[in-house]
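Right, one structure below, let's go through it.
The values are calculated or read from the model by the stated rules, or taken from the named source; none is laboratory data. This one's a predicted model, so the numbers in the text were calculated from it and none came from an experiment. Every residue, glycine as well, gets a Cβ built from its backbone with ideal geometry; the counts of neighbours run over all protein chains shown. These accessible areas exclude ligands, DNA and RNA; they are computed on the full protein's heavy atoms, side chains included. Shrake-Rupley method; radii C 1.70, N 1.55, O 1.52, S 1.80 Å.
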Amino acid sequence: MTSVTGSAEAAFRRHYGDVYRYLRRRTGDHHEAEELTQRVFADAAASLDGAETPLAWLYTVARRRFADQVRRTGRTIELCELPARELVHGPATARAIRAALAQVPQAERDVIVAKLLEGRPFAEIARRANATEAACKMRFVRGLRTLRSLLEQEGIEP
């Protein structure tokens, strides 16, 4: 059993709401977000002592646990479900990202969403797309290039 240190307890008190909201936006379900948040803190408790930025580490663990949950349940994320990220970038930037992603060719967009938002490995993406891993990696690179170009046209620098 993992013992909770003072810094882990402080991180829990300070960042629980942030991590919960992050997962709630992605899951769309209070109970699932609550369970994942508890799992994040249980998994991260032992390593929080050495973390220079506990919230960044917690977000990393949360992203991984959400990706695990998506893989386990077979859930897919539709373009309309993309989180707005308004807290970090603002609503105008979030709208620009969504609009630019919608302009990326479908095959490339599917790979980007599966890799970055669902956390799927290229081998799984290739199976789902009925393509080779190399082809999916190329779609990913091309799609990101297109996305970057579209965002730069809107005055948004990566």
Please work out the FRET efficiency for the pair residue 25 and residue 145, using the Cβ-Cβ distance as r and a Förster radius of 22 Å; give the result to the nearest 0.05.
0.20
Counting only protein heavy atoms and using a 1.4 Å probe, what share of the accessible area of region 117-156 belongs to carbon plus sulfur, as a whole percent?
49
Label-point separation in nm, residue 118 to residue 34, each point 7 Å along Cα→Cβ:
2.8
So, in nm, how far is label residue 128 from label residue 106 when the simple model puts each one 7 Å beyond its Cα toward the Cβ?
1.6
Which one, 150, 116, 135, projects farthest toward the positive side of the charge dipole computed for region 107-158 from Cβ point charges (K/R +1, D/E -1)?
135
Treat each spin label as a single point 7 Å out from the Cα along the C-beta direction, and report the residue 156 to residue 9 distance in nm.
4.2
